[in-house]
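Structure record follows, encoded as structure tokens.
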Amino acid sequence: MTGASLTTSPPARAPKVRLPHWDNARFLAVTLVVIGHGIQRLTYDSNNALALYLFIYAFHMPAFAIISGYFSKPGPPSALQMRRVLTDILLPYFIMEAIWSIVKFFTEGTTDLNPSKPSWTLWFLLALGIFRLVLPYLALLRWPLLWAIIGSVGVGYFDNVDSTFSLSRAIGILPFFVLGWKLNEWKLMERWKVAERSVWLIRALAVTIFLGWIAIILSNIELWRTINLRFWFFYDDSYQGLGEDQWWAGAVRLGLIALAILLSASFFALVPRRHTWITDAGQATMYVYLLHSFVLYPLRESGLLLDERSSAMWLVSMVLGSIGIALVLSTPLIKKIFRPIIEPKPNWVFAPLPKETDLSTKKR
């Protein structure tokens, strides 16, 4: 990871300068996550909320996976990189899962501590770990992106591949992670960074694509509600579980993958490339991602966002409130308070690293 960002980033041989574009993208993406979770209960009674929800969910987690893949290396992991998978991914997962079990015990009376079934947002941490495990093997193959897409489409035909250890969801969004890695290899983002003449043309095209997607959502909102389109964007259920057991159901996921790539490209094109007031917040996406659910959980479970509280005013209020939550949770004070559980450093657990390991490159 990069700092406490919700991406994977093995250390390099020499210190690298942070790119504002990626930190801006991280913060905007995690803010979309908070907004999506914040308005989820409103979607039951509000078509406007459902439209915004579908707009966000079509690409926000694929975009996160692309960022993660961009900062990942395909070679065999070093001892330090393997240690960071444990400290930056798996250990925070188990800590947060334990905390969630305590919260659910006091609020719901349930005692179902089961690390194999991630609570709410924690699935992405396990997915990151799976991505890091499989990338070196995928990199050995020709056309790794094609194989990742085949895996994503194919896994939907198997009912026995479920959310245990986030396996179905990890395989489902694997193509986006691999695409991010390939973008780095192809140096496409470097070309975008230095592009000048075509910037506004590309951004105008991106806005057009977003407006087109919004128009499609709004003009067919009752259809999307009837077929439960939002569940397709989770990538965590079989086609039969989604109510579509036809042989061609995989073509629907393939189309949604293509849509997510198109919308993610538009998103990255619109992200500011220079240092902005949100750039520093992009270094704390892990804090926002893991902590915002504790803020929203009481609202989601209280029923406050149902029935008559599904008006446009409530929708706008929740969007603005979610943005505020993301900003607050990315502040230095929150990082200082929660660093022991978000970025634990149990060095006493590990054997000494090989002498050739350069610890000076641990952070970028």
### Query
For labels at ASN160 and GLU222 in the simple 7 Å Cα→Cβ model, what's the distance in nm?
4.3 nm
### Task
Could you work out the local net charge near THR31, counting Lys and Arg as +1, Asp and Glu as -1, over the other residues with Cβ closer than 15 Å to its Cβ?
-1
### Residue among HIS275, HIS60, HIS21 with the largest mean-square fluctuation in a Gaussian network model of the chain, springs linking Cα atoms under 10 Å
HIS275
### Query
So what's the back-of-envelope 222 nm ellipticity for the chain, counting only DSSP H runs of four-plus at -39500 (n - 2.57) apiece and dividing by all residues, rounded to 500?
-19500 deg cm²/dmol
### Distance in nm between pseudo-label sites at GLU301 and LEU188 (7 Å out along the Cβ direction from Cα)
4.2 nm
### Query
Which one of LEU54, LEU140, LEU270 has the biggest mean-square fluctuation once the chain is modelled by GNM with Cα springs under 10 Å?
LEU140
### Task
Mind giving me the nanometre distance, one decimal, between the label points for THR107 and ALA258, set 7 Å out from Cα along Cα→Cβ?
4.0 nm
### Message
Is the C-alpha gyration tensor of segment 163-268 telling us rounded, prolate or oblate? Criteria: a/c under 1.5 is rounded; beyond that, a/b larger than b/c is prolate, otherwise oblate.
### Response
oblate
### Query
Rounded, prolate or oblate: which fits segment 63-169, taking a ≥ b ≥ c as square roots of the Cα gyration tensor eigenvalues, rounded meaning a/c under 1.5, else prolate when a/b beats b/c?
oblate
### Message
Order 74-80, 320-326, 30-36, 61-67 from most to least packed using the mean count of other Cβ atoms within 10 Å.
### Response
61-67, 30-36, 320-326, 74-80
#### Entry: Using alpha carbons only: equivalent-ellipsoid semi-axes of segment 21-351, gyration tensor based, whole Å
27, 26, 23
### Query
Would you list THR107, THR43, THR331, THR285 from fewest to most Cβ contacts within 10 Å?
THR107, THR331, THR43, THR285
### Query
What area, in nm² and to one decimal, does the C-alpha convex hull of segment 210-304 cast on average over all directions?
9.1 nm²
### Task
May I ask you to sort LEU52, LEU353, LEU211, LEU174 by Cβ crowding, counting other Cβ atoms within 10 Å and putting the fewest first?
LEU211, LEU353, LEU52, LEU174
#### Entry: R0 of 45 Å, Cβ-Cβ distance TRP200-LEU320: FRET efficiency to nearest 0.05
0.95
### Query
In which sequence would VAL288, VAL134, VAL207 go, from the one with the fewest C-beta neighbours within 10 Å to the one with the most?
VAL207, VAL134, VAL288
## Note on the structure
Computed about the Cα centre, the charge dipole of the chain from +1 Lys/Arg and -1 Asp/Glu charges at the Cβ has a magnitude in debye, to the nearest 20, of 1720 debye
### Message
What does the extension gain come out to for LEU353 and TYR137, with contour length at 0.36 nm per residue minus their alpha carbon separation?
### Response
75.3 nm
### Query
What is the local net charge at LEU135, summed over the other residues whose Cβ is closer than 14 Å to its Cβ (Lys, Arg +1; Asp, Glu -1)?
+2
### Under 25 Å between alpha carbons - lysine pairs in segment 21-351 that sit 8 or more apart or on different chains
10
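Readers should treat all values here as calculations from the given coordinates under stated rules, not as data from a laboratory. This structure is a prediction, so every number in the text was calculated from the model and none was measured. When we count neighbours, we look across all protein chains shown, and the Cβ atoms used for this are built from the backbone with ideal geometry, even at glycine.
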